[in-house]
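To keep things clear, I will list the structure first and then write my remarks on it.
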Amino acid sequence: MEQKILQIIADLCGAEPNEIEPELNLFDEGLLDSFAAIQLVMALEEAFGISLDIAALPRERITTPAAIVALIREKQG
Amino acid sequence: MTPYANLLFFYLLALLLLPAVVLGLIGKPLQYYGMFFSIAMLCIVFGEGGQLPALIVFYLWQTALLIFFRRVKGKRPVLWLTIVLAVVPLALVKAGEVWSAFAIFRLLGVSYMTFRAIEVLLNLHDGTVKEVSLLRWSYFLWFFPSISSGPIDRYHRFQKDLEKGVPQKEYINLLRHGVWKLIGGAFSSIVLGGLIWQYWLSPLPEKGLLPTLFYMYGYTFFLFFNFAGSSSMAIGTGYILGIRVPENFSQPFFSVDMKDCWARWHISLSTWLRDYVYTRFAVLSLKRKWFQNPRTASYIGYVLTMITMGLWHGLEPRYFVYGAYHSALMCVNEILDLHWKNFRKWKRQGWRQVCCVLVSFHLFAFGLLIFSGRLL
């Protein structure tokens with residue numbers, strides 16, 4: 001799952017998955033902005049068959065790859 | 001009577017907040033007293049201004065729409081119809097500010113109450129709010145502290161505060177913060193805002209490049225102290241009633257770009273519009289693949305969001321221009337972020353960061369000059 005998430009992030013940011021550190025702040029590093037965050041959430045929903053309400057999703061839940069992994073784990077139960 | 005603006009208001013506010021303080025300090029729930037407080041203050045403020053019948057009609061209208069939507073929810077056209085109908089009172093009041101034929105439609109706080117009502121409808125449609133108690137929804141809609149100048153609270157967050165309540169020990173802390181916010185807000189809004197208006201803005205001649213430039217700076221600081229002060233008083237009053245009203249300003253003049261500005265100025269409005277206009281439009285257009293380049297959705301999203309923001313303030317041309325101006329700035333900001341790596345670096349580096357702050361401040365101040373109506 002981690003690899004799949006890293007690949008999604010890397011595709012969106014135009015980077016290689018091995019360049020994305022788990023604790024990298026994607027917003028501070030300029031890799032994600034509001035629009036890319038929407039694209040990321042939609043890609044995660046499609047890839048994992050889950051529903052993430054972006055309007056109700058606090059930004060800190062998708063700030064780092066590690067946070068995103070935790071979010072997906074939580075949503076998958 | 002304008003809220004948070006004169007001694008009589010503060011006297012009545014203190015008098016009616018006193019029982020809330022007592023209840024909070026002895027650890028009793030504040031919800032029902034909070035409702036009574038809001039109704040009492042609404043009757044005083046709207047009654048004195050002759051707007052109580054309009055408020056009752058507005059409340060009945062929004063309640064009828066909520067009940068209707070709860071019964072037939074599910075279909076998108078029904079959602080759109082209900083939202084359009086929910087906006088009708090706001091549109092009439094805004095039209096009344098421009099055209100004398102509509103001047104009978106006057107209602108303080110209609111912009112804020114309308115956004116609260118629409119948010120509940122959207123949440124019900126999305127399923128993020130499953131059930132709405134009419135009593136709590138009514139309290140949310142007419143929550144007095146933030147009725148005249150925000151912040152715009154969220155139904156979900158507001159409900160959590162009501163459900164959790166405030167334990168006795170926590171209330172002491174909340175009360176202390178609330179009182180400081182009230183005092184600080186009054187100082188900012190009435191004293192600092194008043195002084196800038198009296199000694200900076202009022203003496204300036206109406207025409208001329210230099211006076212207009214001074215007006216731009218003065219008006220920017222006036223609006224900040226006045227508006228941030230009003231928000232602070234609303235937040236403080238909310239705290240005393242056990243409601244953690246969200247913050248509305250976070251050092252906006254230290255913003256490094258326009259996106260940052262809108263993350264710090266009138267935060268509750270900009271996040272509301274981000275969540276319910278920008279994001280919804282972006283999601284819809286991405287799902288339906290409306291644009292060949294997905295980023296186009298973002299640019300059009302900014303235009304829709306910022307023009308909505310402008311028109312939310314009023315229907316005069318200056319508000320439309322203000323919204324269009326900010327939509328252009330947001331698009332340029334995004335283009336620079338995407339295509340100019342140095343811009344991203346400079347926003348975080350020493351003197352270059354200072355330059356970004358100064359440029360952002362001036363761009364924002366010019367926007368407020370448009371907003372003030374001095375140019376149009």
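The values are calculated or read from the model by the stated rules, or taken from the named source; none is laboratory data. Only a predicted model underlies this, so the values are computations on that prediction, with no experimental measurement involved. Please note: Cβ atoms are built from the backbone with ideal geometry, for glycine as well, and neighbour counts cover all protein chains shown.
Does B:PHE222 fit the bill of being assigned by TED's automatic domain parsing to the domain that holds B:VAL22 and either in contact with a helix residue (DSSP H, G or I) (Cβ under 6 Å, 6 or more places away or on another chain) or surrounded by 17 or more Cβ atoms within 10 Å (Cβ to Cβ) (or both)? So B:PHE222 fails the test. For the range A:11-65, the set of residues classified as more than 12 Å from chain B (Cβ to nearest Cβ) and of a type in the set (Asp, Glu) consists of A:ASP11, A:GLU16, A:GLU19, A:GLU21, A:GLU23, A:GLU60, listed by residue number. Only a single criterion out of (1) of a type outside the set (Asp, Glu); (2) exposed (fewer than 13 other Cβ atoms within 10 Å of the Cβ); (3) farther than 30 Å from B:ILE190 by Cβ is not satisfied by B:GLY50, namely (3). Selection of the range B:246-264 for residues being modelled with pLDDT of 95 or more and either among the small types (Gly, Ala, Ser) or within 10 Å of the chain's Cα centre (by Cα) (or both) yields B:ASN248, B:SER250, B:SER255.
Which is touching a helix residue (DSSP H, G or I) at 6+ places or on another chain (Cβ under 8 Å), in a helix (DSSP H, G or I), more than 13 Å from every other protein chain (Cβ to nearest Cβ) and surrounded by fewer than 20 Cβ atoms within 10 Å (Cβ to Cβ), of B:TYR217, B:TYR299? Please lay out each step first, then the result.
Details: B:TYR299 fails: more than 13 Å from every other protein chain (Cβ to nearest Cβ).
Answer to the check: B:TYR217.
Of all the residues in the range A:50-77, those that are outside any loop (DSSP other than H, G, I, E, B), among the small types (Gly, Ala, Ser) and farther than 25 Å from B:VAL256 by Cβ number 4. When you go through (1) over 10 Å from the mean Cα position of the chain (by Cα); (2) surrounded by 15 or more Cβ atoms within 10 Å (Cβ to Cβ) one by one for A:PRO65, which number turns out not to apply? Condition (1) is where A:PRO65 drops out. Residues in the range B:53-79 that are without any contact (Cβ under 8 Å) to a residue 12 or more places away in the chain, surrounded by 11 or more Cβ atoms within 10 Å (Cβ to Cβ) and farther than 21 Å from B:TRP142 by Cβ: 2 in all. The condition of being assigned to a helix (DSSP H, G or I) and away from chain A (no Cβ under 14 Å) holds for B:PRO211. Among the residues of the range B:312-322, at least one is part of a helix (DSSP H, G or I), without any contact (Cβ under 8 Å) to a residue 40 or more places away in the chain and either aromatic (Phe, Trp, Tyr) or surrounded by 15 or more Cβ atoms within 10 Å (Cβ to Cβ) (or both). Regarding B:LEU90, is this residue surrounded by 16 or more Cβ atoms within 10 Å (Cβ to Cβ), under 18 Å from the mean Cα position of the chain (by Cα) and either part of a loop (DSSP other than H, G, I, E, B) or outside the structural domain of B:CYS43 (by TED's automatic domain parsing) (or both)? Taking the combined requirement at face value, the residue does not satisfy it. Being surrounded by 17 or more Cβ atoms within 10 Å (Cβ to Cβ), aliphatic (A, V, I, L, M) and part of a helix (DSSP H, G or I) holds for only one residue in A:ALA37, A:ALA47, and it is A:ALA37.
Remark: pairs (first residue in the range B:337-350, under 15 Å from A:PHE27 (Cβ atoms); second residue among the hydrophobic types (A, V, I, L, M, F, W, C); Cβ separation under 7 Å; 6+ apart in sequence or on different chains) = B:ASP337/B:PHE343; B:LYS347/B:VAL256; B:LYS347/B:CYS356. Checked against the criterion of being buried (at least 20 other Cβ atoms within 10 Å of the Cβ), over 19 Å from B:HIS362 (Cβ atoms) and not assigned by TED's automatic domain parsing to the domain that holds B:GLY310, the range B:195-203 has no qualifying residue.
Can you find a residue in the range B:251-265 that is more than 11 Å from chain A (Cβ to nearest Cβ) and among the polar types (S, T, N, Q)? Within the range B:251-265, one or more residues are more than 11 Å from chain A (Cβ to nearest Cβ) and among the polar types (S, T, N, Q). Residue pairs whose Cβ atoms lie under 7 Å apart, separated by 6 or more positions or on different chains, with the first residue in the range B:120-143 and within 13 Å of B:HIS156 (Cβ to Cβ) and the second acidic (Asp, Glu), are B:ASP126/A:ASP53; B:THR128/A:ASP53. In a residue-by-residue description of the range B:258-266, the property of being within 27 Å of B:PHE36 (Cα to Cα) and not polar (S, T, N, Q) applies to no position. Taking the conditions (1) within 14 Å of chain A (Cβ to nearest Cβ); (2) more than 15 Å from the chain's Cα centre (by Cα); (3) part of a loop (DSSP other than H, G, I, E, B) in turn, B:SER285 satisfies each one other than (3).
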